[in-house]
1. What pairs can you find where one residue is in region 62-80 and over 12 Å from ALA100 (Cβ atoms), the other is among the hydroxyl-bearing types (Ser, Thr, Tyr) and surrounded by fewer than 19 Cβ atoms within 10 Å (Cβ to Cβ), and their Cβ atoms are less than 7 Å apart, with a gap of 6+ or different chains?
2. For region 333-350, give me the residue count where each residue is surrounded by fewer than 24 Cβ atoms within 10 Å (Cβ to Cβ) and either at pLDDT 95 or above or hydrophobic (A, V, I, L, M, F, W, C) (or both).
3. The conditions are (1) within 19 Å of SER181 (Cβ to Cβ); (2) part of a loop (DSSP other than H, G, I, E, B); (3) among the hydroxyl-bearing types (Ser, Thr, Tyr), and THR213 fails exactly one of them. Which is it?
4. From ALA165, ALA205, ALA129, grab the single residue that is within 30 Å of LEU255 (Cα to Cα), part of a loop (DSSP other than H, G, I, E, B) and in contact (Cβ under 8 Å) with a residue 12 or more places away in the chain.
5. Among the residues in region 250-263, are any of a type in the set (A, V, I, L, M, F, W, C), surrounded by 13 or more Cβ atoms within 10 Å (Cβ to Cβ) and under 30 Å from ILE50 (Cβ atoms)?
6. Here are some residues: ALA109, ALA141, ALA172. Which one is open to solvent by 10 Å² or more (accessible area, probe 1.4 Å) and either basic (Lys, Arg) or more than 21 Å from SER207 (Cβ to Cβ) (or both)?
7. Of the residues ARG211, ARG183, which is touching a strand residue (DSSP E or B) at 6+ places or on another chain (Cβ under 9 Å), open to solvent by 50 Å² or more (accessible area, probe 1.4 Å), of a type outside the set (Asp, Glu) and within 19 Å of PHE248 (Cβ to Cβ)?
8. Here is a list: THR209, THR272, THR253, THR213. Which entry is more than 20 Å from the chain's Cα centre (by Cα) and hydroxyl-bearing (Ser, Thr, Tyr)?
Amino acid sequence: MSLIGDIIDRVLSPNREIHGIPVLDGAFSPNQRLDQARQLGDGIERPDDIALGQDGALYVSTGKRILRCTGDDFNARAVFATLGGPVGGLACVPDGRLLACVSGVGLVALSPSGETVGQLESVGSEKIACPLSVAVAPDGAIYLTDGSRSNRPELWLTDLMQNRAPSGRLIACNSSLSGASVREDGLAWPLGVVVSGDGKEVWVAESWTHRLTALSRAENAKRVIVKNYSGYPARLARGADGEIWMAFLALRTQLTEFVLRERGFCEEMMRTVPSELWIGPVLDGRLNPREPTQIGRIKKLGIQKPWAPPRSYGLVARLDAKGVAVETLHSRVDGRVHGVTAVRPIGSRVLAVSKGRDCLVELPLGRGAQEG
């Protein structure tokens, strides 16, 4: 019956996303483990990505700046560089350079002293205005994702709610940021990119189609690893033994999926309502008395139910070398670590940034004490 239903859906609603929201079960069963994460140092305003440099320092993108963090808990912080636009994805090159995705600018290479030593602004005749994430392969090749031809990274919610045809790209170039070419086009906000453990594939996480795809580096071939997540997948990072860590911006909800399909209502909402009050995901869901669906989130006296419809949420997942989730850490509706945009293994530790709650955290090892 489900096959017949899918066929009917395709005929009557050709532009409708037919994949329902998967239930959180199995490895994705809800827990409170992400709330057990330990905050490192003082808060950081809207951190977006992290990368470990060749000098042992941790680099954090925040607004138009990149911070250089040192010390056992990376709590000694100094401004490493200030760039010409909001900074997103980061990656370190073995020669000591730091690669930074800069909104409206493209991919910028920085020397160990923080000076700009290279820049990739366009590919072909098209400007790279929405760089989201960058990864470096063992052979030095660089892979960059350009999220959209219509919006810049800071307008991620606008891009989702516009529900346009996907226009993101996977761009490949050499270590000197030259010889750039489009490896894949028509991607739906490809916020995550990583080279697989064996170096043979590039994995791309598309936020708006909720899927993880692998593209062969040597051939013109690709395969879908996971076609439908419960949330909006974000950045990817390679761990030990071929494992991959994945962050999620937020969880999907039935109400948001409904609004995305009802184009007349959605477009009117976007014209007449402030963006922070749109019916859609947010990175920081601390209660606002004017926000939508608030009744479903309040139990009594302002106390939020952890199982309520999630306007914001915290979620990271550890995948095995085949892309199968083997472990997840959650911060539920009433939690404190929401809007995780990046997670990275750093030696024996795993660190993450909560853009929604302005902090750098270290994830707990092993199973948490609070489950369910």
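1. Cβ pairs passing all conditions: ALA76/THR70.
2. Final tally of qualifying residues: 6.
3. Failing condition for THR213: (2).
4. On inspection, the qualifying residue turns out to be ALA165.
5. Checked against the condition, which is being of a type in the set (A, V, I, L, M, F, W, C), surrounded by 13 or more Cβ atoms within 10 Å (Cβ to Cβ) and under 30 Å from ILE50 (Cβ atoms), region 250-263 yields at least one hit.
6. Going through ALA109, ALA141, ALA172 in turn, the sole match is ALA141.
7. ARG211
8. Testing whether each residue is more than 20 Å from the chain's Cα centre (by Cα) and hydroxyl-bearing (Ser, Thr, Tyr) leaves just THR272.
The values are calculated or read from the model by the stated rules, or taken from the named source; none is laboratory data. Every value quoted in this text rests on a predicted model; they were computed, and no experiment measured them. Counting neighbours? That spans all protein chains shown, and the Cβs are built from the backbone with ideal geometry, glycine included. Side chains are part of the model used for accessible areas, which takes the heavy atoms of the whole protein and leaves out ligands, DNA and RNA. Shrake-Rupley method; radii C 1.70, N 1.55, O 1.52, S 1.80 Å.
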